[in-house]
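The values are calculated or read from the model by the stated rules, or taken from the named source; none is laboratory data. Please read all numbers here as calculations on a predicted model, not as lab measurements. Side chains are part of the model used for accessible areas, which takes the heavy atoms of the whole protein and leaves out ligands, DNA and RNA. Shrake-Rupley method; radii C 1.70, N 1.55, O 1.52, S 1.80 Å.
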Amino acid sequence: MALVKSGWLWRQSSVLRRWKKQWFDLWMDGALVYYPDDRRQSIEERIVLKYNCVTVRSGKECGDIQPPEGSNRESLLVIDMRDHSRLLLCAENEDDAVAWKFALLDAKTPVYVYNPYDDNYNTVPVNSHQAVYVNHGHCGHGYGPGVAHVIVRDNRDSLGEQMALGLLAGAITTSALSNLLWLPCWF
């Protein structure tokens, strides 16, 4: 699955309300994962935004939350969850907070991909591990300018390979059966 955004954010712990700097990864399937450091060896928590996130607030919308020492209120982010909990984050600066807010809001909405096998658009499943290619310039029938067209490729066998194997199996079967049918005539 494609990585949408990653970087350092401050996260306030839910029990002691201390700010910890942690590495965050936001994936295209809507998963927000954070780790103790940027080596990504142990996951601290994984949140599926498609199902758990209600809204994302930033800056002055966050209310009376105090940012970590050395940061300003414009760098704050609050992710309100469906279970009435909230994830309190703080970016390095205001621009980074706005970028994270828009990325989180985009990840909250489902992503639709075209499946050429059944000529249909489907949502990207959670935990899907397929290669994703995005073409920002596509503007075909039913699409407006600036709409990203996403193509998902998986490891299915191509139709040509399946057809070639079927033809080979048919030829071998025909050859074997024709020999059996003509065999009694020669004796």
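Pop out the carbon and sulfur fraction of the accessible area of segment 1-111 as a percent, whole number, probe 1.4 Å. Don't skip to the end; give the middle numbers.
Details: 2880 of 5990 Å².
With neighbouring chains kept in place, the figure for segment 1-111 is 48 percent.
Going by accessible area, probe 1.4 Å, with all protein chains left in place, what is the ranking of ASP80, ASP29, largest first? List each step's numbers first, then the result.
Numbers: ASP80 30, ASP29 5 Å².
Heavy-atom accessible area, descending, gives ASP80, ASP29.
With a 1.4 Å probe and all protein chains left in place, how much accessible area per residue does segment 19-79 have, in Å²?
Working: 3020 Å² over 61 residues.
About 50 Å² of surface per residue is accessible.
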